[in-house]
Amino acid sequence: MYDLATGRTVWRSDERGVPLESDGTTLLVRDTADEGGFRLLDFQTGAVRWKAPDSGLPGLSASWDCALTAGLVAVQGAVGEKPFVRVYAVRSGEDRGRFGSWLAGLGDDWVATTRGAGPNRLALEMFRVTP
């Protein structure tokens with residue numbers, strides 16, 4: 001990571017990957033822009049906090065998304081035509097659930113998804129998730 005004002009490196013990790021999301025203390029990366037597993041890197045050390053498998057949805061898909069808060073990480077996935085959101089705990093990487101449909105939002109203890117509900121309509125669903 002570079003300081004744009006000075007052009008100097010302010011953070012570095014030996015881990016390779018495509019940066020996806022950051023909360024200022026961690027960085028979520030994927031093996032490549034289009035596929036591969038995920039890793040959450042620690043800004044203090046540059047080390048991997050935890051790893052998660054590929055979500056099954058190509059990163060170059062218009063439907064692909066992810067989100068990161070102080071407590072949770074959400075990654076959009078799909079198996080065939082069936083989308084889902086996988087949620088992990090930031091600290092441990094523990095799998096906190098798989099929620100059918102598309103990622104709409106993420107908070108420190110909740111995830112929201114959208115689901116088709118007829119022509120041009122979306123239903124919003126919110127789920128409590130323990131970080």
Between Glu15 and Phe127, with labels modelled 7 Å along Cα→Cβ, what's the label distance in nm to one decimal, could you check?
-> 2.4 nm
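How much net charge surrounds Arg39 when only other residues with a Cβ under 13 Å from its Cβ are counted (Lys, Arg +1; Asp, Glu -1)?
Values: positive: Arg16, Arg30, Arg49, Lys51; negative: Asp14, Glu15, Glu21, Asp31, Asp42, Asp54.
After counting each charged neighbour, the total is -2.
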Spacing of the two label points (7 Å from each Cα toward its C-beta) at Asp3 and Arg98, in nm | 4.5 nm
Net dipole in debye of region 7-131 [+1 Lys, Arg Cβ; -1 Asp, Glu Cβ; about Cα centre; nearest 20] = 100 debye
With a/c under 1.5 counting as rounded, go ahead and sort the chain into rounded, prolate or oblate using the C-alpha gyration tensor (a ≥ b ≥ c being the square roots of the eigenvalues; past the cut-off, prolate if a/b is larger than b/c, else oblate).
-> prolate
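With an 8 Å cut-off on Cα pairs and a minimum separation of 6 or more residues, tell me the relative contact order of the chain in percent. Intermediate results must be reported in sequence, preceding the final value.
On the way: 299 pairs, mean separation 18.2, N = 131.
Value for the chain: 14 percent.
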Specify whether the C-alpha gyration tensor of region 1-47 places it in the rounded, prolate or oblate class, a ≥ b ≥ c being the square roots of the eigenvalues: rounded for a/c under 1.5, otherwise prolate if a/b is larger than b/c and oblate if not.
-> prolate
Taking the Cα-to-Cβ direction at Ala78 and at Val48 and moving 7 Å from each Cα, how far apart do the two end points lie in nm?
-> 2.7 nm
So how far, in whole Å, is the C-alpha centre of region 1-60 from the one of region 82-107?
-> 18 Å
Identify, among Val85, Leu20, Leu124, the residue whose Cα sits farthest towards the positive end of the charge dipole of the chain, taking +1 on the Cβ of Lys and Arg and -1 on the Cβ of Asp and Glu, with the dipole about the Cα centre.
-> Leu124
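Report the full-extension gain for the segment Asp31 to Trp110: residue separation times 0.36 nm, less the Cα-Cα distance, to one decimal in nm. Don't jump to the answer; show the numbers that get you there.
Numbers: separation 79, 0.36 × 79 = 28.44 nm, distance 2.64 nm.
Here the answer is 25.8 nm.
Could you order the peptides 109-116, 64-71 from most to least packed, using the average number of other C-beta atoms within 10 Å per residue?
By packing density, highest mean first, the sequence is 64-71, 109-116.
Every number in this text was worked out from the coordinates using simple rules, so none of it is lab data. Keep in mind that what you see is a predicted model, and the values were worked out from it rather than measured. Methodologically, a virtual Cβ is constructed for each residue, glycine included, from the backbone with ideal geometry; neighbour enumeration extends over all protein chains shown.
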